[in-house]
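First up is the structure itself, then whatever we jot down about it.
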Amino acid sequence: MQKVDYRNVIFKDGFWKRKETLNHDVTLGAVYDRFKETGRIDAFSCKWKPGDPNKPHFFWDSDVAKWIEGASYDISRTHDPDLMEKAEWLIDRIEENQGDDGYFNIYYTVVEKNGRFTLRSNHELYCAGHLMEAAVAYYEATGRDRFLKIMEKYASYIKSVFMDGDGNVKPAFQTSGHEEIELALYKLYKATGNRDWLELFRFFVDKRGNNPLDPVEEYTQSNLPVRKIRRAVGHSVRAGYLYAAMADYAREFGDSEMAEACRLVFNDITSKRIYVTGGIGSEAHGERFGEDYALGNLSAYAETCASIAMMLFAQRMNLLERNARYADIVELEMYNGMLSGVSLDGDSFFYQNVLEIGDSQNISYSHTVKRRAKLFECSCCPPNINRTLASMEQYFYSKEGNAVYINQFGNSEYCENGIRVVQETRYPMDGKIRIKISGADLIYVRIPGWCSEFKASQGYAKCNGYAVFANPKDIIIDFCMKPVFVKADKRIKDTLGKVAVKYGPIVYCAESCDNIKDLNRIRLNITNPEWEITCDEVHCVCMLEMNGFEVDSPSLDLYSELYSKMINKRIRLIPYHMFANRDVSNMKVWIEKA
Ligand SMILES: [Zn+2]
């Protein structure tokens, strides 16, 4: 199965078109402005001197690179002259300040001039990787190859440092302390056809956990050779980027041992360490994967970037295995764990995505847990949202010969080499989709994991979680969408006695501003919910209301009467990704049932 170029897919009005438009109208500008205010943009001039304000941080290159990448995807559709000008200005500075040898890194050019490639944890190759991804995106969007050539020169230098061992610069490490260069080199190879980048990609993946120059540590997934990986460990974003690169590797080289490691680590995450929202990396300490089933709601870390990393991994597993269950995880992240990272007005962000806000929140980041922030000192997530929302088209379709796979649903059109597939739908407000097809022999339509029954207007076969239609022309498929209660495995302590609510792919939550302040005093009536479903046509989602109860305050005694008072109350639920967009409110995804 092959990835479809995002440029061959167009969104029509609907959920993702509106998110993409908001990203263009607000979020790209907002992130750029914050980066300008904090010195991240001007840092590319490499004029900072000791004593000046805004001392460049070693990961600033990557923040801005992700912004350029996001702007590039946008430019491919909008040709926005302002975005082009900003990107060109940055590329001018990169070109000016690139060393004769090809090296480019702001921090090691102006702050620590003699430290090049000496400290593995200082994100040097991570920054290089994001710049390479930006260069590929900019080239594909504009046809201009200047930035691509700059980054190929840099890649060539990196290859000489890390692979030959004969250069003047002796590296103190072999693999990056923060994975990313692997994904980037593979993209660089795909864009240029230069096998040097494929070779370097292979080198960095193979060397991880497998050479004496790197520390043996779980935090950077360097405790084991990658083919021996069975369990997700360490920093969750780093892990997600590595596993995604391993899936690229397994597909490119037909490496079955690597594919098996990918499958097993994917299963490890999705069976023991993922929140119902798709959030991964539950531990704030080290932003890392926690123990099995240790998925606290108030304490959830679930970084926005980690959900994005999981989307990248799941998408590549879908391509590798042709199995719809991986696209289910992409969908879970799209509508929940990733999207909760940005506000409805598009200009503030969550780094950490908790599943519960309560009066007793006593964790160190509580100020940014309850309210989205305009910027974070470590600001990896906002530009990651930029590049994700600007390229959501990449997740919708894939292809194999004359067969087309529909992996995600939304009003959209895919056209390539005489094949045309159009989806007409109000998804995710309802599950009915009309699909018009020309030029394809087979169409594979993902049967969503959340869907227990569906109807189709013509006969189909089932294969790997897809409904397969032969000689398709005009199909109407209806994935019966209704609110459902979700229970958790009993080993997850924080969800005992509680349920979550889903409607289609969307996870819901209760906020105190719609209900009562102390959400610990509400109970859901799961036997007689009497659902009321209201469409919010602006945000293209449904709002839910159901029967429940308000109970008396929890007793502080160890034992007390179950409820001395229990009154009927309608409970209002909103999509989880929409929480914290009004006043600061308490919030719960997992709610006690009556
Ligand atoms: Zn982040």
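Taken together, the values in this text are just the output of simple stated rules run on the coordinates, not laboratory data. Only a predicted model underlies this, so the values are computations on that prediction, with no experimental measurement involved. Here the Cβ positions follow ideal geometry from the backbone for every residue, glycine too, while neighbour counts run over all protein chains shown.
In table form, for the structure just shown:
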read-out: Sequence of His130, His24 once ranked by neighbouring C-beta atoms within 10 Å, starting from the fewest; value: His24, His130
read-out: Simple label model, 7 Å out from Cα along Cβ direction - Ser555 to Glu85, nm; value: 6.9
read-out: Folded to 0 to 90 degrees: helix 60-78 orientation relative to the chain principal axis, Cα; value: 70
read-out: Using θ = phi - 60° and Karplus 6.51 cos²θ - 1.76 cosθ + 1.60, couplings along region 156-163 (whole Hz; Gly, Pro as x); value: 5, 5, 4, 4, 5, 6, 8, 9
read-out: Restraint check, Lys502/Lys569; Lys12/Lys502; Lys12/Lys374; Lys432/Lys498, Cα-Cα greater than 27 Å; value: Lys12/Lys374; Lys432/Lys498
read-out: Global geometry of region 297-456, whether rounded, prolate or oblate, following the gyration tensor of its Cα atoms and the 1.5 cut on a/c; value: prolate
read-out: Electrostatic dipole magnitude of region 398-479 [Cβ: Lys, Arg +1; Asp, Glu -1; Cα centre; debye, to 20]; value: 80
read-out: On Cα atoms only, tilt of 181-192 relative to the major axis of the chain in degrees; value: 70
read-out: Region 466-484 residues near the modelled Lys455 label - backbone nitrogen below 17 Å, point 7 Å along Cα→Cβ; value: 475-482
read-out: Proximal lysines to Lys190, defined as alpha-carbon separation beneath 21 angstrom and excluding residues fewer than eight positions away on the same chain; value: Lys3, Lys66, Lys149, Lys153, Lys159, Lys399
read-out: Range of Cα positions in the chain per principal axis (Å), largest first; value: 77, 62, 47
read-out: At R0 = 41 Å, FRET efficiency that the Cβ-Cβ distance of Lys490 and Lys49 yields, to 0.05; value: 0.10
read-out: Total charge dipole magnitude, the chain, about the Cα centre, Cβ charges on Lys, Arg, Asp, Glu only, Debye to nearest 20; value: 1060
read-out: Note, ³J(HN,Hα) from phi for region 414-426, Karplus 6.51, -1.76, 1.60, rounded to Hz, x at Gly and Pro; value: 10, 10, 6, 6, x, 9, 9, 10, 10, 9, 10, 6, 9
read-out: Dipole-positive endmost among Ile75, Leu562, Pro225 within the chain (Cβ charges, Cα centre); value: Leu562
read-out: Positive-end extreme of charge dipole, the chain - chosen from His123, Thr175, Asn528 (charges on Cβ); value: Asn528
read-out: Shape category assigned to region 228-341 from the gyration tensor of Cα positions, a/c cut at 1.5; value: prolate
read-out: Gyration tensor verdict on region 483-592 (Cα atoms; rounded if a/c is under 1.5, prolate if a/b is larger than b/c, oblate otherwise); value: prolate
read-out: Label point distance in nm, Glu199-Asp42, each placed 7 Å from Cα along Cα→Cβ; value: 4.3
